[in-house]
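The values are calculated or read from the model by the stated rules, or taken from the named source; none is laboratory data. The model shown is predicted, which means the values in this text are computed figures rather than measured ones. Here the Cβ positions follow ideal geometry from the backbone for every residue, glycine too, while neighbour counts run over all protein chains shown.
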């Protein structure tokens, strides 16, 4: 007798139209969000330390539940710091006073919380834009605009460091190296890594430092030199650190638009990728598919950037803060995947708080894609995997982590695979049950919608370069309640629900078919003083002879009287039950 699972599928309705099932997701994909601290747009929303920490925890919890795996945390918004900097003052948003110690370290706190949830943290650094339109208060240490006013020029009401002054480059390099030495960040994400425009008032520095070069070429060389030196210095002390940038979305005149970043802002990301001085780019492709009102076309730019990147990563930056973009996020994910992008990133956190924004495209966890140019070494497999059912549908999984002293082979994450046969399809993301932190050596795994009596498990290790090692041996666990439920059914058509002896809501319902039949399985509810009404239709199909089990984890039960009603051709079988 065969056992089949009928999943209870909820259709999300928009008006009267059902959303189509999304295409299969890749196993490896960056799913990132920019967490903005400038003006407290995403965080912090108060100056209370307890609230700040609680809200960061909630951000991590929510992103983990949405299967995101990367946070670009804005730790230097305007020449200030959301970490303990040796060079720059604490951000005013933390306490209400620029330079005042908040008594805790937001970056260290977020790294600990995020790594515990299997999420990477990249320090998002605004490079040359360091000041808004307004005076700066005194602080310790002083803000760079107060300490070195000769380095700062105003452009359209904002203060920018002059990239042409050599001391500016040295200062910025010290700031970045300080972060990499002190914190276990997974990457550095550069923003505003450019000039603000052609009319930037750097005439004096050009006369002093750029003799013999055309001004455009000199400006470009200033940025090229800074990027190369940052990459070389950072990777010298942290070989596996990911160095990336979030450039403007229009990468050149070949896009058909007249505002190429390399030409007007000297942001030659194409060269930085070609020379291997960036590991990834998350370009700001904040436009709609097809473009509108003369704007660029997301569907053109996503594959265009992929063509520029070579073997480096592209994470398509999606402008979810715009209503017209937010409505087409699922389609933009599809286009990004089709283009071969290594992932997507969203501006900004508050704009992706809606669970339905991605249209089911992130239904399963995804591993981060490896960077083989940094390191292709894989970690060894975990040992001695053991599986035990500790309560209904819940398994305890334990393993032994191999001893290794090398960062290249040490587990940064573990991946738990679960399948209904011993032939686990490791390349299929649907087989991934959980992504766990590297300090783990055990976990619990809940089967919410049972698909069989026995499950098969394996665990693999992933290192800091996101290289996945071979899986452990496969171990199995059996769900006793599933076996008991199946045992109540015979070859005849019948119905049986797993009802709690203490009056709790059922977790699954099973039925058997004596012959091929059209099948309808309804769950009826009877509110007090009313008649039976269909709460939901669990099954509507024509099925072969066999035993079928339907999980009920997605059904919301309230106290009252319920009935399972099975129709098979001319036959009707019912099982009523009460919930106190």
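Do we find a residue being surrounded by fewer than 20 Cβ atoms within 10 Å (Cβ to Cβ) and at pLDDT 85 or above anywhere in segment 483-501?
no
Do you know which of the residues in segment 307-325 that are modelled with pLDDT of 95 or more and under 19 Å from residue 269 (Cα atoms) is surrounded by the fewest Cβ atoms within 10 Å (Cβ to Cβ)?
Across segment 307-325, the extreme among qualifying residues is 312.
Does residue 78 meet the test of being touching a residue at least 24 places away in the same chain (Cβ under 8 Å) and assigned by TED's automatic domain parsing to the domain that holds residue 348?
Considered against the rule, which asks whether it is touching a residue at least 24 places away in the same chain (Cβ under 8 Å) and assigned by TED's automatic domain parsing to the domain that holds residue 348, residue 78 comes out as yes.
Hey, can you tell me all the residues within segment 175-199 that are closer than 29 Å to residue 153 by Cα and in a helix (DSSP H, G or I)?
Within segment 175-199, 175, 176, 177, 178, 179, 180 meet the criteria.
Take the conditions in contact with a strand residue (DSSP E or B) (Cβ under 9 Å, 6 or more places away or on another chain), farther than 15 Å from residue 118 by Cβ and buried (at least 19 other Cβ atoms within 10 Å of the Cβ) and apply them to residue 436. Does it pass?
Working: in contact with a strand residue (DSSP E or B) (Cβ under 9 Å, 6 or more places away or on another chain): yes; farther than 15 Å from residue 118 by Cβ: no; buried (at least 19 other Cβ atoms within 10 Å of the Cβ): yes.
The answer is no for residue 436.
Kindly indicate the residue of segment 139-167 that is touching a residue at least 40 places away in the same chain (Cβ under 8 Å) and assigned to a helix (DSSP H, G or I) and also nearest to residue 224 (Cα to Cα) among those meeting that condition.
166
Residue by residue, here is whether (1) in contact with a helix residue (DSSP H, G or I) (Cβ under 9 Å, 6 or more places away or on another chain); (2) farther than 30 Å from residue 434 by Cβ; (3) at pLDDT 95 or above holds:
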{"residue": "102", "(1), (2), (3)": "yes, yes, yes"}
{"residue": "118", "(1), (2), (3)": "yes, no, no"}
{"residue": "145", "(1), (2), (3)": "yes, yes, yes"}
{"residue": "156", "(1), (2), (3)": "no, yes, no"}
{"residue": "183", "(1), (2), (3)": "yes, no, yes"}
{"residue": "192", "(1), (2), (3)": "no, yes, yes"}
{"residue": "201", "(1), (2), (3)": "no, yes, yes"}
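What pairs come up if the first residue lies in segment 323-350 and is outside the structural domain of residue 60 (by TED's automatic domain parsing) and closer than 17 Å to residue 249 by Cβ, the second is part of a helix (DSSP H, G or I) and modelled with pLDDT of 95 or more, and their beta carbons are under 9 Å apart, counting only those six or more places apart or on different chains?
Listed by first residue and then by second, the contacts come to nothing, as the list is empty.
Tell me which strands (runs of 3 or more DSSP E) are completely within segment 353-458 and hold 1 or more residues being within 30 Å of residue 41 (Cα to Cα) and touching a helix residue (DSSP H, G or I) at 6+ places or on another chain (Cβ under 6 Å), or say none if there are none.
Where strands (runs of 3 or more DSSP E) fall fully within segment 353-458 and carry at least 1 residues being within 30 Å of residue 41 (Cα to Cα) and touching a helix residue (DSSP H, G or I) at 6+ places or on another chain (Cβ under 6 Å), they are 432-437.
Please tell me if residue 136 is in a loop (DSSP other than H, G, I, E, B) and on the phi < 0 side of the Ramachandran plot.
Yes.
Against the condition over 24 Å from residue 249 (Cα atoms) and part of a loop (DSSP other than H, G, I, E, B), how does residue 311 come out, does it pass? Break it down stepwise before answering.
Numbers: over 24 Å from residue 249 (Cα atoms): no; part of a loop (DSSP other than H, G, I, E, B): yes.
When the stated conditions are applied, residue 311 does not pass them.
Go through (1) surrounded by fewer than 17 Cβ atoms within 10 Å (Cβ to Cβ); (2) under 24 Å from the mean Cα position of the chain (by Cα); (3) at pLDDT 95 or above and name the single condition residue 237 misses.
(2)
Mind counting the residues in segment 245-272 that are in a helix (DSSP H, G or I), surrounded by fewer than 24 Cβ atoms within 10 Å (Cβ to Cβ) and either at pLDDT 70 or above or touching a strand residue (DSSP E or B) at 6+ places or on another chain (Cβ under 8 Å) (or both)?
Residues flagged as in a helix (DSSP H, G or I), surrounded by fewer than 24 Cβ atoms within 10 Å (Cβ to Cβ) and either at pLDDT 70 or above or touching a strand residue (DSSP E or B) at 6+ places or on another chain (Cβ under 8 Å) (or both) within segment 245-272 amount to 6.
Evaluate segment 62-75: report whether one residue or more is in a helix (DSSP H, G or I), modelled with pLDDT under 95 and under 19 Å from residue 184 (Cα atoms).
Within segment 62-75, none of the residues are in a helix (DSSP H, G or I), modelled with pLDDT under 95 and under 19 Å from residue 184 (Cα atoms).
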